[in-house]
């Protein structure tokens, strides 16, 4: 599902216009991004949790040359599904 399709679904379920639904979706995504950037977590009970984890520096292999390369440490966003979402998907 694309963002546009998602906005269409939100608009039809909430009975608002597509423009208003797009603003709400954009605002929600922006709040999640800003919270993760500050190092916080976003938790939706029963749905899941957005959080940031840290990857350690490690050694990798260059795919073309096969030479070892150093991969820097980084922070990455993660999503952990909640029990309600897992049950819904499982059926």
With the 8 Å Cα cutoff and a minimum separation of six or more residues, the chain has a relative contact order in percent of 21
Which ordering of 32, 71 is given by a fewest-first count of other beta-carbon atoms within 10 Å?
71, 32
Largest first, please: the extent of the C-alpha atoms of the chain along each principal axis, to the nearest Å.
56, 30, 29
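Only counting other Cβ atoms within 10 Å, I'd like 10, 76 sorted with the fewest neighbours first. It would help to have the intermediate numbers written out before the result.
Numbers: 10 17, 76 10.
Ranking 10, 76 by Cβ neighbours within 10 Å, fewest first, gives 76, 10.
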Exposure proxy ranking, count of Cβ atoms within 10 Å, fewest first, for 29, 85:
29, 85
Once you compute Rg and the Kirkwood Rh from C-alpha atoms, what is the Rg to Rh ratio for segment 41-91?
1.27
With Cα atoms, 0 to 90° folded angle of helix 18-37 axis to the chain main axis:
40
For segment 1-53: relative contact order, % (alpha-carbon pairs under 8 angstrom, 6 or more apart)
20
Before anything else, pin down the relative contact order of segment 41-91: Cα pairs under 8 Å, at least 6 apart, normalised by residue count, whole percent.
41
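Every number in this text was worked out from the coordinates using simple rules, so none of it is lab data. Worth saying up front: this structure is predicted, and the values here are computed from it rather than measured. Cβ sites come from the backbone with ideal geometry, for glycine too, and all protein chains shown count toward neighbours.
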